């Protein structure tokens, strides 16, 4: 089916959007940040799949540049020899989101990749505007490299976390951690502060992520457009690790994600690009509300597992 234009929309996505767009009450950008965060938590509880069985889940705190950072580690094996470890940065516009909102996805990634996944609860805007989030992500990733038995780092995150994935990879490209970054997997990432994209015009209303909410997130985060961590699209990509970049077909961020994939390819970075056709921004958190998202998640992680194996020399 279509969404009223020529854009293909999956039937389960159309049903989810019809439900979402029929809800009454204030929009997220009309709420104080604390209430917006609670709204996001409630949506994740309602629309995401359960965590499922997994051998180990552990919460702890680690030192950060401005106090302790909470992390959550997942492993589907009770014990393992050192190998690659995924570091995951949640989405939510740098304003909302936490360890719980992305809990089910991180557990699924640990199972399907057969590697430890460590989720980072970085500081949020507006209480902690740019560059608090990338500073925390860099510090936490260096801590993982120093303190978790591993042979290499796989960086991943979605939306704002996709931005933090690329930002951290760029930082560690130029000032390496004690373990190499062997792959990255940005999921529908934000890679620039400018909004002159056709996908913004096509999908900025009625597709979960809206023009109003993006403006609200950007104002709260207050990123510096001249900083590579805010606008990696405007900075050299050569030397980044093998990459799997995914987008969603009905996402305002789609076109900038496509542009960054092209930039990586032009820079000679081994790059795989996948698009969840007919789906929306945020689908990795919506595996119950949008059942077809499970196939997108599984398909991408299967590709990522092969990329990591190749990068690790174990293919």
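Tabulated results
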| item | result |
| --- | --- |
| Ellipsoid equivalent to segment 164-305 - semi-axes via the Cα gyration tensor, in Å | 24, 20, 13 |
| Helix 211-221 axis, angle to the chain major axis (alpha carbon atoms, nearest 10°) | 40 degrees |
| Inter-site label distance for residue 19 and residue 68 at 7 Å from Cα along Cβ, in nm | 3.7 nm |
| For segment 1-147, the Rg and Dmax computed from alpha carbons only, in angstrom | 17.8, 52 |
| Selected from 268, 152, 204 as most flexible by GNM, with the chain as the system and alpha-carbon contacts under 10 Å | 268 |
| Tail fraction, Cα-Cα pairs, segment 158-209, threshold 19 Å, whole percent | 41 percent |
| Contour minus Cα-Cα distance for residue 151 and residue 7 (0.36 nm per residue) | 47.5 nm |
| Cα point-scatterer Debye curve for segment 246-315, base-10 log of I(q)/I(0) at q = 0.11, 0.15, 0.27 Å⁻¹ | -0.31, -0.56, -1.16 |
| The chain - share of DSSP beta bridges that are antiparallel (%, nearest 5) | 35 percent |
| Whole-angstrom gap from segment 249-315 to segment 13-45, using each part's C-alpha centre | 25 Å |
| Antiparallel content of DSSP bridges confined to segment 15-154, in %, to 5 | 60 percent |
| Kirkwood hydrodynamic radius (C-alpha pairs) into Stokes-Einstein, segment 80-177, 10 °C and 1.306 mPa s, D in µm²/s | 118 µm²/s |
| Inverse of mean 1/r across different Cα pairs in segment 27-99, Kirkwood, Å | 14.9 Å |
| Degrees separating the helix 33-47 axis from the principal Cα axis of the chain, which is the longest one | 90 degrees |
| Diffusion coefficient, µm² s⁻¹, Stokes-Einstein with Kirkwood Rh over alpha-carbon pairs of the chain at 20 °C and 1.002 mPa s | 111 µm²/s |
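Every read-out reported here was derived from the displayed coordinates using simple, explicitly stated rules and does not represent laboratory data. Every value quoted in this text rests on a predicted model; they were computed, and no experiment measured them. As a convention, Cβ positions derive from the backbone with ideal geometry for all residues, glycine included, and neighbour counts pool all protein chains shown.
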